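Read through the structure below, which is laid out as structure tokens, and then see the notes.
The values are calculated or read from the model by the stated rules, or taken from the named source; none is laboratory data. These numbers come from a predicted model, not from an experiment. Quick reminder, even Gly has a Cβ in these numbers, built from the backbone with ideal geometry, and neighbours come from all protein chains shown. The area values use the complete protein model at the heavy-atom level, side chains included, leaving out ligands, DNA and RNA. Shrake-Rupley method; radii C 1.70, N 1.55, O 1.52, S 1.80 Å.
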Amino acid sequence: MKKFEEKTIHTEQIYDGKVVKLQVDDVTLPDGKTAKRELIKHPGAVAIIPITKDRKIVFVEQYRKPLEKSLVELPAGKLEPGEKPEITAVRELEEETGYTTGSLQFIASFYTSPGFADELMYLYMTEELEPLKNAVSGDDDEFVELLELTLDEAKQYVREQRIHDAKTNYAILYLESLERM
């Protein structure tokens, strides 16, 4: 038995969407009582830290409807069924930035919101960017603008809350820990 395990008694599927599935589980708690858990099922996602030859980080700015504002973030996207995370990383890099790479370094994976979602985010880095010869089209409903920032500029964006999402903050802390940028 897993420590503090909650056994599922019943699952009710609420919504099956393009990006997420929503369900409500009735569970038995470790003390024998029951509770409800509202869960978001997500296929997983990938983010990539693209670093240019002149040591700038490539970010995208895009509007985030749940927040009703734009954020500056790392290029990222969800895994397609059966797709390996490193393939997703290169695909998203190409679609969102116009760059490609033949060299990826795996940094870490982490759960984005484990209190209610099972989304696992994979983080990669590349320092070998090459401009694409032919642009790759991204999602029809995605509009992004590129920014290239130094690590110090990115940290300033964090202080200004222009960078305000977990994956990008995690990446900036990681880069800062390398003390090489």
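Numbers at a glance
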read-out	value
Subset of the range 1-21 that is without any contact (Cβ under 8 Å) to a residue 24 or more places away in the chain and touching a Leu at 6+ places or on another chain (Cβ under 7 Å) - its residue that is surrounded by the fewest Cβ atoms within 10 Å (Cβ to Cβ)	15
Wholly within the range 33-93, strands (runs of 3 or more DSSP E) carrying at least 2 residues that are aromatic (Phe, Trp, Tyr) and touching a strand residue (DSSP E or B) at 6+ places or on another chain (Cβ under 9 Å)	57-64
Sole exception among (1) at positive phi; (2) open to solvent by 40 Å² or more (accessible area, probe 1.4 Å) for residue 99, by number	(1)
Condition broken by residue 25, with the remaining ones in (1) over 30 Å from residue 90 (Cβ atoms); (2) surrounded by 16 or more Cβ atoms within 10 Å (Cβ to Cβ); (3) in contact (Cβ under 8 Å) with a residue 60 or more places away in the chain satisfied	(3)
Qualifying residues in the range 140-159 (those that are hydrophobic (A, V, I, L, M, F, W, C) and either open to solvent by less than 70 Å² (accessible area, probe 1.4 Å) or not in a loop (DSSP other than H, G, I, E, B) (or both)) - the one modelled with the lowest pLDDT	144
Residue check, residue 162 open to solvent by 40 Å² or more (accessible area, probe 1.4 Å) and either in contact with a Ser or Thr (Cβ under 6 Å, 6 or more places away or on another chain) or outside any helix (DSSP H, G or I) (or both)	yes
Residue identified as modelled with pLDDT under 95, open to solvent by 40 Å² or more (accessible area, probe 1.4 Å) and not in a loop (DSSP other than H, G, I, E, B) among 177, 137	177
Members of the range 15-32 that are part of a strand (DSSP E or B) and more than 30 Å from residue 96 (Cα to Cα)	23, 24, 25, 26, 27, 28
Test: residue in the range 130-138 that is within 22 Å of residue 173 (Cβ to Cβ) and in contact with a strand residue (DSSP E or B) (Cβ under 6 Å, 6 or more places away or on another chain)	no
Filter pass, residue 12 being part of a loop (DSSP other than H, G, I, E, B), over 22 Å from residue 173 (Cβ atoms), acidic (Asp, Glu) and modelled with pLDDT of 95 or more	no
